[in-house]
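Engineer: The structure follows.
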Amino acid sequence: MTSLKQTVDVLETLYPLRYAESWDHPGLIVGDLTDPADSIVFAADPTMDVVRDAVENGAQLLVCHHPLFFRAVHEVSGRTFRGEIVSTLYRGHCALWVGHTNADAAWRGVGMAAADAFGLVDQVPMVPIDDASTPHAVGLGRVGRLPEPMTLRAFADHVAQALPATRYGIQVAGALDAPVRTVGVLPGSGDSMFNEVNALGVDVYVTSDLRHHPATDELQQSLYEAAMREDGVPLGHGDGHMRPALINTPHSAIESLWFSYALEDVPNAVELATGSRPQVRWNRTNTDPWNLSLGANFSRGDVDGR
């Protein structure tokens with residue numbers, strides 16, 4: 001038997017809590033450290049359906065990317081869904097561990113899994129973390145290049161095909177026939193990172209949860225800088241193409257790509273540390289909140305990216 005404490009130690013070696021953003025609180029959320037953890041389920045969100053599935057199928061540990069407690073919570077009573085989730089987990093002897101921004105930044109974590117799925121090579125972190133204890137480059141987001149250039153339209157199609165399907169799909173802003181060579185990827189909400197992305201001069205930025213005003217301002221500035229470069233004024237980066245174009249992905253879809261690595265890395269590491277290999281499963285339930293998308297309209301300007 002592998003104890004929950006042993007498994008948590010392995011998880012927090014693979015995805016160190018010190019990598020987490022200051023506002024984030026990942027790690028063990030629910031669980032008795034002396035309980036066994038020989039059966040693990042991975043899922044993007046600890047929703048009620050996901051939790052019930054784990055408990056009803058005998059899982060002893062649920063590993064999620066998104067927190068159960070994202071903001072301050074003052075009760076876990078029967079008045080709230082969080083109280084019901086905590087109660088269900090404890091009654092079912094199923095622990096909950098969350099790898100959030102610590103898993104974003106880790107080697108073979110969320111950012112790297114997405115960048116690999118999109119075919120990027122020569123990757124480095126977008127915002128590096130200095131960690132002398134690892135030989136790997138770790139940090140928030142990933143920046144890399146495509147082995148061969150392709151158009152924005154072709155790259156967007158490649159991204160869409162790599163992601164788990166959702167009703168929401170992806171959104172693209174930019175000249176669809178523009179060449180794409182360099183790409184920045186930040187799974188999760190990414191419009192707070194425009195300054196960092198702009199400094200890198202990538203052709204495309206792939207992220208999630210882009211809000212109207214920050215995205216519009218970013219695109220307008222990119223178009224302005226491209227026009228100035230065409231007139232011989234060196235603003236921004238590169239030639240007369242606007243950069244970066246934007247690709248907005250469903251939040252849970254892009255972040256769940258991590259589990260393609262975790263399904264291999266976690267049981268391997270647990271077995272190496274304890275001599276016992278846990279059973280693992282990925283619950284691929286689509287936890288994107290939207291189940292219907294209507295009214296998308298396209299004009300010539302939309303198609304051409306003007």
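The values are calculated or read from the model by the stated rules, or taken from the named source; none is laboratory data. Fair warning: this is a prediction, and the values are worked out from it, not measured in the lab. Note that each Cβ is placed from the backbone with ideal geometry, even for glycine, and that neighbours are counted across all protein chains shown. Note: accessible area is taken over every heavy atom of the protein model, side chains too, but ligands, DNA and RNA are not part of it. Shrake-Rupley method; radii C 1.70, N 1.55, O 1.52, S 1.80 Å.
Engineer: Determine the sum of side-chain charges near residue 235: Lys and Arg each +1, Asp and Glu each -1, restricted to other residues whose C-beta is under 14 angstrom from that of residue 235.
Structural biologist: Working: positive: 229, 243; negative: 225, 230, 231, 239.
Neighbour charge sum, excluding residue 235 itself: -2.
Engineer: When ligands, DNA and RNA are left out and all protein chains stay put, how many square angstrom of accessible area per residue does the chain have with a 1.4 Å probe?
Structural biologist: 49 Å²
Engineer: Which percent of the accessible heavy-atom area of the chain goes to carbon and sulfur, probe 1.4 angstrom? Could you put the intermediate results ahead of the total?
Structural biologist: On the way: 7790 of 15070 Å².
Ligands and nucleic acids excluded, carbon and sulfur reach 52 percent.
Engineer: Sticking with this structure for a sec: Mind ordering 210-219, 171-180 by average Cβ neighbours within 10 Å, highest first?
Structural biologist: The packing order, highest mean first, is 171-180, 210-219.
Engineer: About the Cα centre, and with charges only on the beta carbon of Lys, Arg (+1) and Asp, Glu (-1), how big is the dipole of the chain? Nearest 20 debye, please.
Structural biologist: 460 debye
Engineer: In addition: If a/c stays under 1.5 just call it rounded; otherwise compare a/b with b/c (prolate if a/b is bigger, oblate if not). Do that for segment 63-111, with a ≥ b ≥ c from the square roots of the Cα gyration tensor eigenvalues.
Structural biologist: oblate
Engineer: Moving on to the next point. Length gain on complete extension for the stretch residue 260 to residue 277, per 0.36 nm per residue less the alpha carbon to alpha carbon distance?
Structural biologist: Working it through step by step, the gained length comes to 4.4 nm.
Engineer: I'd like the Karplus ³J(HN,Hα) series for segment 56-61: coefficients 6.51, -1.76, 1.60, θ = phi - 60°, whole numbers in Hz, and an x wherever there's a Gly or Pro.
Structural biologist: Values per residue, Gly and Pro as x: 5, 9, x, 5, 9, 8 Hz.
Engineer: Take peptides 109-121, 2-14 and line them up by average Cβ neighbours within 10 Å, highest first, as a rough protection proxy. It would help to have the intermediate numbers written out before the result.
Structural biologist: Details: 109-121: 23.4, 2-14: 19.5.
Averaged packing, sorted descending, gives the order 109-121, 2-14.
Engineer: If you line up the long axis of helix 81-91 against the longest principal axis of the chain, both from Cα atoms, how many degrees apart are they, to the nearest 10?
Structural biologist: Helix 81-91 sits roughly 40 degrees off the main axis of the chain.
Engineer: Go ahead and set up a Gaussian network model of the chain, Cα springs under 10 Å, then flag whichever of 201, 92, 275 fluctuates most.
Structural biologist: It is 275.
Engineer: Moving to a separate point now. Computed from the coordinates I sent, Kirkwood radius over Cα pairs in Å equals one of (1) 23.9; (2) 20.6; (3) 18.7. Tell me the label.
Structural biologist: This structure yields the entry labelled (2).
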